Amino acid sequence: MYWWQAMVLGLVQGFTEFLPVSSSGHLILVRQLMGLNEAGTSYLLFDVMAHVGTLAAVCIVLFKDILGLFKKPYKQLLLLVVASIPAVIVGLTCSGVIDDYFSTAKYLCFFFAFTAIIMLVSEIVAKRNKTPKDIGWGSAIAMGVMQGVGVFPGVSRSGSTIFGGTVAGADSKKVATFSFLMSIPIILGSLLFSIIDVAKSGAIAYVDWFSIVVGAVSAFVSGYFAVRVMLKLIAKANYKWFSLYLAVLAILTFSFYFL
(Lines give C-alpha, C1' and ligand atoms only; values in the text may rest on other atoms or scores of the structure.)
Protein backbone atom coordinates (compact mmCIF):
# COMPACT_ATOMS: atom_id res chain seq x y z
CA MET A 1 0.00 0.00 0.00
CA TYR A 2 1.42 3.38 -1.04
CA TRP A 3 1.15 6.35 1.31
CA TRP A 4 -1.30 8.16 -0.97
CA GLN A 5 -3.55 5.10 -1.04
CA ALA A 6 -3.47 5.03 2.76
CA MET A 7 -4.38 8.73 2.83
CA VAL A 8 -7.35 8.19 0.50
CA LEU A 9 -8.56 5.19 2.50
CA GLY A 10 -8.15 7.14 5.74
CA LEU A 11 -10.19 10.03 4.37
CA VAL A 12 -12.88 7.62 3.19
CA GLN A 13 -12.91 5.85 6.57
CA GLY A 14 -13.21 9.10 8.53
CA PHE A 15 -15.90 10.70 6.37
CA THR A 16 -18.05 7.62 5.92
CA GLU A 17 -17.79 6.36 9.52
CA PHE A 18 -20.08 9.18 10.62
CA LEU A 19 -21.91 10.19 7.43
CA PRO A 20 -24.94 7.93 6.79
CA VAL A 21 -23.43 6.26 3.71
CA SER A 22 -21.63 3.14 5.14
CA SER A 23 -17.91 3.21 5.86
CA SER A 24 -17.47 -0.54 5.37
CA GLY A 25 -19.21 -0.45 1.99
CA HIS A 26 -17.15 2.47 0.75
CA LEU A 27 -13.88 0.97 1.97
CA ILE A 28 -14.61 -2.31 0.18
CA LEU A 29 -15.49 -0.41 -2.99
CA VAL A 30 -12.49 1.94 -2.91
CA ARG A 31 -10.06 -0.88 -2.08
CA GLN A 32 -11.29 -2.91 -5.03
CA LEU A 33 -11.05 0.11 -7.33
CA MET A 34 -7.43 0.56 -6.17
CA GLY A 35 -6.71 -3.13 -6.59
CA LEU A 36 -6.00 -3.57 -2.87
CA ASN A 37 -7.69 -6.92 -2.44
CA GLU A 38 -5.02 -8.71 -0.45
CA ALA A 39 -5.10 -9.46 3.26
CA GLY A 40 -2.15 -9.26 5.62
CA THR A 41 -0.64 -7.59 8.64
CA SER A 42 -0.32 -4.23 6.88
CA TYR A 43 -4.04 -4.11 6.11
CA LEU A 44 -5.00 -5.26 9.60
CA LEU A 45 -2.81 -2.58 11.15
CA PHE A 46 -4.26 0.02 8.81
CA ASP A 47 -7.76 -0.88 10.02
CA VAL A 48 -6.58 -0.62 13.63
CA MET A 49 -5.00 2.81 13.17
CA ALA A 50 -7.90 4.14 11.08
CA HIS A 51 -10.26 3.16 13.90
CA VAL A 52 -7.98 4.94 16.36
CA GLY A 53 -8.21 8.08 14.22
CA THR A 54 -12.01 8.04 14.01
CA LEU A 55 -12.33 7.19 17.71
CA ALA A 56 -10.14 10.16 18.65
CA ALA A 57 -12.26 12.44 16.45
CA VAL A 58 -15.60 11.50 18.00
CA CYS A 59 -14.17 11.61 21.54
CA ILE A 60 -12.89 15.16 21.03
CA VAL A 61 -16.15 16.45 19.56
CA LEU A 62 -18.35 14.74 22.18
CA PHE A 63 -16.00 15.11 25.15
CA LYS A 64 -18.58 16.84 27.38
CA ASP A 65 -21.27 14.32 26.46
CA ILE A 66 -18.92 11.45 27.27
CA LEU A 67 -18.20 12.94 30.69
CA GLY A 68 -21.95 13.30 31.20
CA LEU A 69 -22.36 9.53 30.88
CA PHE A 70 -20.63 9.07 34.23
CA LYS A 71 -22.85 11.43 36.21
CA LYS A 72 -25.57 10.08 38.49
CA PRO A 73 -28.07 8.52 37.99
CA TYR A 74 -26.11 7.06 35.02
CA LYS A 75 -29.24 6.68 32.88
CA GLN A 76 -27.49 7.72 29.67
CA LEU A 77 -24.72 5.22 30.33
CA LEU A 78 -27.23 2.42 30.91
CA LEU A 79 -29.10 3.39 27.75
CA LEU A 80 -25.82 3.25 25.83
CA VAL A 81 -25.00 -0.21 27.21
CA VAL A 82 -28.45 -1.53 26.25
CA ALA A 83 -28.22 0.04 22.79
CA SER A 84 -24.84 -1.61 22.17
CA ILE A 85 -25.95 -5.17 22.93
CA PRO A 86 -27.65 -6.04 19.59
CA ALA A 87 -24.60 -5.03 17.51
CA VAL A 88 -22.33 -7.08 19.79
CA ILE A 89 -24.58 -10.15 19.39
CA VAL A 90 -24.74 -9.78 15.60
CA GLY A 91 -21.02 -9.11 15.36
CA LEU A 92 -20.07 -12.17 17.42
CA THR A 93 -22.54 -14.58 15.83
CA CYS A 94 -22.61 -13.44 12.21
CA SER A 95 -19.12 -12.04 11.54
CA GLY A 96 -17.99 -15.23 9.77
CA VAL A 97 -21.03 -15.30 7.48
CA ILE A 98 -20.68 -11.59 6.75
CA ASP A 99 -16.99 -11.99 5.86
CA ASP A 100 -17.68 -15.03 3.66
CA TYR A 101 -20.59 -13.64 1.65
CA PHE A 102 -20.46 -9.85 1.84
CA SER A 103 -16.75 -8.94 1.95
CA THR A 104 -16.71 -8.11 -1.78
CA ALA A 105 -18.39 -5.24 -3.59
CA LYS A 106 -20.81 -7.51 -5.51
CA TYR A 107 -23.74 -7.24 -3.12
CA LEU A 108 -23.17 -3.69 -1.92
CA CYS A 109 -25.81 -2.31 -4.28
CA PHE A 110 -28.63 -3.92 -2.29
CA PHE A 111 -27.37 -2.60 1.04
CA PHE A 112 -26.73 0.88 -0.40
CA ALA A 113 -30.33 0.88 -1.67
CA PHE A 114 -31.60 -0.19 1.76
CA THR A 115 -29.72 2.66 3.44
CA ALA A 116 -31.04 5.13 0.86
CA ILE A 117 -34.62 4.10 1.66
CA ILE A 118 -34.30 4.32 5.44
CA MET A 119 -32.61 7.73 5.23
CA LEU A 120 -35.46 9.09 3.10
CA VAL A 121 -38.01 7.62 5.51
CA SER A 122 -36.07 9.15 8.42
CA GLU A 123 -36.35 12.65 6.94
CA ILE A 124 -40.07 12.28 6.28
CA VAL A 125 -40.81 10.93 9.77
CA ALA A 126 -38.60 13.50 11.56
CA LYS A 127 -40.22 16.46 9.82
CA ARG A 128 -43.72 15.18 10.59
CA ASN A 129 -42.94 14.63 14.25
CA LYS A 130 -44.28 17.70 16.04
CA THR A 131 -43.72 16.37 19.58
CA PRO A 132 -40.21 14.81 19.66
CA LYS A 133 -39.23 12.92 22.83
CA ASP A 134 -36.05 12.48 24.80
CA ILE A 135 -33.95 9.35 24.29
CA GLY A 136 -35.61 6.67 26.41
CA TRP A 137 -35.54 2.90 26.67
CA GLY A 138 -37.74 2.40 23.62
CA SER A 139 -35.68 4.64 21.33
CA ALA A 140 -32.40 3.26 22.72
CA ILE A 141 -33.52 -0.32 21.97
CA ALA A 142 -34.72 0.69 18.49
CA MET A 143 -31.39 2.37 17.76
CA GLY A 144 -29.54 -0.65 19.14
CA VAL A 145 -31.43 -3.09 16.93
CA MET A 146 -30.76 -0.95 13.89
CA GLN A 147 -27.08 -0.69 14.80
CA GLY A 148 -27.05 -4.49 14.70
CA VAL A 149 -28.40 -4.28 11.14
CA GLY A 150 -25.63 -1.76 10.39
CA VAL A 151 -23.02 -4.49 10.86
CA PHE A 152 -23.58 -5.57 7.25
CA PRO A 153 -21.28 -3.84 4.71
CA GLY A 154 -23.19 -1.22 2.75
CA VAL A 155 -25.67 -0.54 5.57
CA SER A 156 -24.68 2.67 7.32
CA ARG A 157 -24.27 2.30 11.09
CA SER A 158 -25.03 5.98 11.72
CA GLY A 159 -27.85 5.96 9.17
CA SER A 160 -29.50 2.89 10.66
CA THR A 161 -29.30 4.23 14.23
CA ILE A 162 -30.70 7.59 13.10
CA PHE A 163 -33.57 5.70 11.47
CA GLY A 164 -34.22 3.69 14.64
CA GLY A 165 -34.29 6.74 16.92
CA THR A 166 -36.32 8.84 14.50
CA VAL A 167 -39.00 6.20 13.94
CA ALA A 168 -39.20 5.76 17.73
CA GLY A 169 -40.12 9.46 17.93
CA ALA A 170 -36.95 10.85 19.52
CA ASP A 171 -35.69 14.40 19.06
CA SER A 172 -33.33 14.74 16.07
CA LYS A 173 -30.59 16.58 18.00
CA LYS A 174 -30.58 13.98 20.76
CA VAL A 175 -30.65 11.16 18.23
CA ALA A 176 -27.55 12.69 16.61
CA THR A 177 -25.56 12.85 19.83
CA PHE A 178 -26.65 9.42 21.04
CA SER A 179 -25.91 7.86 17.64
CA PHE A 180 -22.32 9.10 17.76
CA LEU A 181 -21.94 8.03 21.39
CA MET A 182 -23.08 4.57 20.26
CA SER A 183 -20.22 4.50 17.78
CA ILE A 184 -17.63 4.60 20.59
CA PRO A 185 -18.13 1.08 22.04
CA ILE A 186 -18.51 -0.34 18.51
CA ILE A 187 -15.27 1.27 17.33
CA LEU A 188 -13.55 0.10 20.54
CA GLY A 189 -14.80 -3.44 19.90
CA SER A 190 -13.58 -3.40 16.30
CA LEU A 191 -10.28 -1.99 17.50
CA LEU A 192 -9.87 -4.77 20.07
CA PHE A 193 -10.57 -7.56 17.58
CA SER A 194 -8.27 -5.97 15.00
CA ILE A 195 -5.45 -5.78 17.55
CA ILE A 196 -5.96 -9.46 18.42
CA ASP A 197 -5.81 -10.37 14.71
CA VAL A 198 -2.65 -8.31 14.26
CA ALA A 199 -1.01 -9.95 17.29
CA LYS A 200 -1.81 -13.41 15.89
CA SER A 201 -0.54 -12.59 12.41
CA GLY A 202 3.00 -11.51 13.41
CA ALA A 203 5.42 -9.85 10.94
CA ILE A 204 4.68 -6.39 12.40
CA ALA A 205 8.31 -5.36 11.90
CA TYR A 206 7.85 -5.42 8.11
CA VAL A 207 4.88 -3.06 8.05
CA ASP A 208 5.01 0.32 6.28
CA TRP A 209 4.36 2.45 9.36
CA PHE A 210 4.57 5.74 7.47
CA SER A 211 1.59 4.85 5.27
CA ILE A 212 -0.38 3.56 8.24
CA VAL A 213 0.19 6.74 10.27
CA VAL A 214 -0.79 8.84 7.23
CA GLY A 215 -4.02 6.84 7.02
CA ALA A 216 -4.74 7.28 10.73
CA VAL A 217 -4.20 11.05 10.61
CA SER A 218 -6.40 11.31 7.51
CA ALA A 219 -9.14 9.31 9.26
CA PHE A 220 -8.94 11.61 12.28
CA VAL A 221 -9.16 14.84 10.24
CA SER A 222 -12.01 13.67 8.02
CA GLY A 223 -13.79 12.01 10.96
CA TYR A 224 -13.67 15.21 13.00
CA PHE A 225 -15.11 17.19 10.09
CA ALA A 226 -17.80 14.56 9.43
CA VAL A 227 -19.02 14.52 13.05
CA ARG A 228 -19.29 18.33 13.10
CA VAL A 229 -21.20 18.37 9.82
CA MET A 230 -23.53 15.52 10.75
CA LEU A 231 -24.49 17.01 14.12
CA LYS A 232 -25.83 20.03 12.24
CA LEU A 233 -27.49 18.06 9.44
CA ILE A 234 -29.17 15.55 11.74
CA ALA A 235 -30.55 18.37 13.88
CA LYS A 236 -32.32 19.64 10.76
CA ALA A 237 -33.27 16.11 9.63
CA ASN A 238 -31.73 16.85 6.23
CA TYR A 239 -31.01 13.38 4.82
CA LYS A 240 -32.44 13.41 1.29
CA TRP A 241 -29.11 14.22 -0.39
CA PHE A 242 -27.48 11.22 1.28
CA SER A 243 -30.43 9.13 0.14
CA LEU A 244 -30.06 10.38 -3.44
CA TYR A 245 -26.30 9.75 -3.41
CA LEU A 246 -26.77 6.18 -2.14
CA ALA A 247 -29.52 5.50 -4.68
CA VAL A 248 -27.19 6.55 -7.52
CA LEU A 249 -24.35 4.51 -6.02
CA ALA A 250 -26.63 1.47 -5.72
CA ILE A 251 -27.62 1.74 -9.39
CA LEU A 252 -24.00 2.12 -10.51
CA THR A 253 -22.72 -0.84 -8.47
CA PHE A 254 -25.69 -2.99 -9.57
CA SER A 255 -25.03 -2.12 -13.22
CA PHE A 256 -21.32 -2.96 -12.87
CA TYR A 257 -21.72 -6.33 -11.17
CA PHE A 258 -25.04 -7.65 -12.51
CA LEU A 259 -25.56 -6.17 -16.00
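The values are calculated or read from the model by the stated rules, or taken from the named source; none is laboratory data. Here the structure is a predicted model, which means the values were calculated and not measured. Using ideal geometry, Cβ is built from the backbone for each residue, glycine included, and neighbour counts are taken over all protein chains shown. Heavy atoms of the whole protein, side chains included, go into the accessibility calculation; ligands, DNA and RNA do not. Shrake-Rupley method; radii C 1.70, N 1.55, O 1.52, S 1.80 Å.
For the reader, a short list of remarks on this structure follows.
- Looking across THR115, THR166, THR131, THR161, one residue alone is surrounded by fewer than 17 Cβ atoms within 10 Å (Cβ to Cβ) and of a type in the set (Val, Ile, Thr). It is THR131.
- Pairs are defined by a Cβ separation below 8 Å, a sequence spacing of at least 6 or placement on different chains, a first member in the range 232-254 that is under 19 Å from ILE124 (Cβ atoms) and without any contact (Cβ under 8 Å) to a residue 60 or more places away in the chain, and a second member that is buried (at least 22 other Cβ atoms within 10 Å of the Cβ) and of a type outside the set (S, T, N, Q); the pairs so defined are LEU233/TYR239.
- When restricted to residues that are outside any helix (DSSP H, G or I) and either within 8 Å of the chain's Cα centre (by Cα) or modelled with pLDDT of 90 or more (or both), the range 1-27 contains 4.
- Condition check for ILE212: crowded, with 21+ Cβ neighbours inside 10 Å, in a helix (DSSP H, G or I) and more than 15 Å from the chain's Cα centre (by Cα): yes
- Yes/no for PHE178 being hydrophobic (A, V, I, L, M, F, W, C), over 28 Å from LEU33 (Cα atoms), buried (at least 16 other Cβ atoms within 10 Å of the Cβ) and out of contact with any Leu (no Cβ under 8 Å at 6 or more places or on another chain): no
- Identity of the residue in the range 102-136, outside any loop (DSSP other than H, G, I, E, B) and among the polar types (S, T, N, Q), that ends up nearest to the chain's Cα centre (by Cα): THR115
- Filter result for the condition that a residue is out of contact with any Leu (no Cβ under 8 Å at 6 or more places or on another chain), without any contact (Cβ under 8 Å) to a residue 40 or more places away in the chain and more than 26 Å from SER103 (Cα to Cα), over ALA170, ALA199: ALA170
- Looking only at the range 77-112, and only at residues there that are open to solvent by less than 70 Å² (accessible area, probe 1.4 Å) and of a type outside the set (A, V, I, L, M, F, W, C), the one that is farthest from VAL151 (Cα to Cα): THR104
- Test: residue in the range 165-173 that is assigned to a loop (DSSP other than H, G, I, E, B) and on the phi < 0 side of the Ramachandran plot: yes
- Number of the exception - GLU38 against (1) surrounded by fewer than 16 Cβ atoms within 10 Å (Cβ to Cβ); (2) more than 16 Å from the chain's Cα centre (by Cα); (3) in a helix (DSSP H, G or I); (4) at pLDDT below 85: (3)
- The single residue among SER139, SER190 that is more than 17 Å from PHE242 (Cα to Cα), small (Gly, Ala, Ser), under 15 Å from the mean Cα position of the chain (by Cα) and assigned to a helix (DSSP H, G or I) turns out to be SER190.
- Residue match in the range 158-168 (condition: under 12 Å from the mean Cα position of the chain (by Cα) and within 15 Å of LEU79 (Cβ to Cβ)): yes
- Considering GLY223, GLY189, the condition of being surrounded by 18 or more Cβ atoms within 10 Å (Cβ to Cβ) and more than 28 Å from ASN129 (Cβ to Cβ) is satisfied by GLY223 alone.
- Test set (1) on the phi > 0 side of the Ramachandran plot; (2) open to solvent by 40 Å² or more (accessible area, probe 1.4 Å) - LEU231 fails condition number: (1)
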